[in-house]
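Report on one structure; see the data block that follows.
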Amino acid sequence: MDRILVEGGRRLEGEVTVSGAKNAALPLLAAGLLPEGPSTFRNVPDLADVSTLLRLLRTMGVDAQRLPGEDRHVVRVHAVNGITAEAPYELVRTMRASVLVLGPLLARYGHARVSLPGGCAIGARPIDQHLKGFAALGAEIQLEEGYVEARATRLRGATVRFDKVTVTGTENVLMAAVLAEGDTVLENAAREPEVEELARVLRAMGAQIEGAGTDTLHIHGVSRLRPVDHAILPDRIEAGTLLVAAAITGGDVHVRGARAEHLDALLSKLREAGCSIASTEAGLRCRGPEVPRPVDIQTNEHPGFPTDMQAQMMAFLSVASGPSVISENIFENRFMHVAELQRMGANIRVEGRTAVVKGVPHLSGAPVMATDLRASASLILAGLRAQGTTELSRVYHLDRGYEKLEAKLSQLGARATRVK
Ligand code: EPZ
């Protein structure tokens, strides 16, 4: 298993470019099931979760692959008429976002058999809201032997009010509704930029959707969709992670592709902590303080503070000049990075969904273990600041959601290397 070594104490400086958004690529590749011709997606990040979804699509008989000769960031998805609409457990359990094939399969083929994703490290993560939406559109849903069997001769438009805001739930039901007969309203919908990106691509395919980016989506079903050629938007969470890398090292970094309008909540907390952040024509420039000021954080659905940036901010605030209170309101178990940060000298106390982070004057490099995707990033960020060397194991967690993060950081002057 690969490990990443980080030698701390170096200010990051220079310019880095953000890759395409993982959490947009996954629903978009699933949306490639909807039209009858081959779609091309560009700026697709080269990372494990994308490879897993491509493998899943191929097991269903879909032509889904990175185009040869390209820089591995161009993907074609072409679902012909005779495919096997089944997603097996061994693939779904490694990446729960595989459930995103449910909506498109139901809409295009009228049936799907998809393994229930099961929980993951950060929480139970049920899909009851996805299934509630499909049932409202007229699908027959059966749960047996850990699989969801969904059938519908033709989906019919309906009003769906989500009990909880769910990003992939909104995306899944939206992808079903675009080919349903009649009108659908999705209430209490997710407002993430990745949901807007999916709606943008579905409209380019010929879907009729209003209200993307708000909590109410209006869809008028159409009978067929056409393939697209689309370049995916930059990854705002990777952008945020790189901004925090500049902040925690007291550096000065220009993150090309970072978009202020997708990161408002994060930027205001970084500024509150003493960072100076400026918009440029190509992204965002972040200069970090010598010592951050403490700030309190509540994670929430977009446009609130993103839960996917909570672990990274905790690393940054662990060296602040006072105590910060961080509340994780989205997932029930997203503090597994705390124990590893404590091994590096952080002073953090967890009470339920709240962590009190008392700033310490410095962190010490140590061997630490990744437990989930964003925890991995948090530990690398802490390693950039720590005195000495940090060795991160189980980096397969990191590789699920970041494309060569250690190379990007090295480009900015960090001493971060991957060892086999
Ligand atoms: C998406 O996951 C992201 N993944 C996650 O990013 C992100 O953390 C999360 O949204 C929240 O922003 C992708 O987009 C592929 P949810 P998702 O459904 O859609 C509960 C990363 O690090 N819920 O919005 O699975 C659920 O348990 C990953 O890149 C239900 O109760 O998250 C959670 O507590 C991690 N029933 C809350 O809602 C449901 O049917 C939000 O989950 C669905 C969700």
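What to note about this one:
- Taken over the stretch 127-158, the criterion of being loosely packed, with under 15 Cβ neighbours inside 10 Å and within 24 Å of the chain's Cα centre (by Cα) is satisfied by D128 alone.
Okay, residues lined up against (1) outside any strand (DSSP E or B); (2) within 16 Å of the ligand (Cβ to nearest atom); (3) in contact (Cβ under 8 Å) with a residue 12 or more places away in the chain:
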site	(1), (2), (3)
V77	no, no, yes
T94	yes, yes, yes
G118	yes, yes, yes
P126	yes, yes, no
L131	yes, yes, yes
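- For the stretch 291-343, a tally of residues being within 18 Å of the chain's Cα centre (by Cα) and of a type in the set (D, E) returns 4.
- Screening the stretch 150-252 for strands (runs of 3 or more DSSP E) wholly inside it with 1 or more residues that are touching a helix residue (DSSP H, G or I) at 6+ places or on another chain (Cβ under 6 Å) and either touching a residue at least 40 places away in the same chain (Cβ under 8 Å) or farther than 27 Å from V114 by Cα (or both) returns the ranges 183-187, 216-220, 229-231.
- Candidates R343, R349, R287 - the one that is surrounded by fewer than 15 Cβ atoms within 10 Å (Cβ to Cβ) and basic (K, R): R349
- Index of the failed condition, P306 passing every other in (1) within 16 Å of the ligand (Cβ to nearest atom); (2) buried (at least 16 other Cβ atoms within 10 Å of the Cβ); (3) over 24 Å from P126 (Cα atoms); (4) not hydroxyl-bearing (S, T, Y): (3)
- Taking the criterion of being within 27 Å of E181 (Cα to Cα) and without any contact (Cβ under 8 Å) to a residue 40 or more places away in the chain, the residues of the stretch 139-149 that qualify are A139, E140, I141, Q142, L143, E149.
- Scanning the stretch 159-175 for residues that are surrounded by 24 or more Cβ atoms within 10 Å (Cβ to Cβ) and either within 17 Å of P303 (Cβ to Cβ) or near the ligand (Cβ under 6 Å from one of its atoms) (or both) yields a total of 3.
- Unmet criterion (only one of (1) more than 19 Å from A245 (Cα to Cα); (2) within 12 Å of the ligand (Cβ to nearest atom)) for R343: (2)
Residue-by-condition table, conditions (1) buried (at least 21 other Cβ atoms within 10 Å of the Cβ); (2) aliphatic (A, V, I, L, M); (3) within 16 Å of the ligand (Cβ to nearest atom):
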| position | (1), (2), (3) |
| --- | --- |
| M1 | no, yes, no |
| G8 | yes, no, no |
| R11 | no, no, no |
| V18 | yes, yes, yes |
| A25 | yes, yes, yes |
| G32 | yes, no, yes |
| F41 | yes, no, yes |
| S51 | no, no, yes |
| R58 | no, no, no |
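- Here E196 qualifies as of a type outside the set (A, V, I, L, M) and under 24 Å from H130 (Cβ atoms).
- Condition met for S19 (under 18 Å from K404 (Cβ atoms), polar (S, T, N, Q) and touching a strand residue (DSSP E or B) at 6+ places or on another chain (Cβ under 8 Å)): yes
- Among the residues of this structure, K420 counts as one that is over 20 Å from I237 (Cα atoms) and modelled with pLDDT under 95.
- Within the stretch 133-149, the residues that satisfy the criterion of being within 16 Å of the ligand (Cβ to nearest atom) and either in a strand (DSSP E or B) or polar (S, T, N, Q) (or both) are I141, L143, V148.
- Only one entry of A311, A282 meets the criterion of being in contact (Cβ under 8 Å) with a residue 12 or more places away in the chain and buried (at least 23 other Cβ atoms within 10 Å of the Cβ), and that entry is A311.
- Filtered residues of the stretch 79-91 (kept if outside any loop (DSSP other than H, G, I, E, B) and more than 22 Å from the chain's Cα centre (by Cα)): E86
The values are calculated or read from the model by the stated rules, or taken from the named source; none is laboratory data. Note that the structure is predicted; figures quoted are calculated from it, not measured. Please note: Cβ atoms are built from the backbone with ideal geometry, for glycine as well, and neighbour counts cover all protein chains shown.
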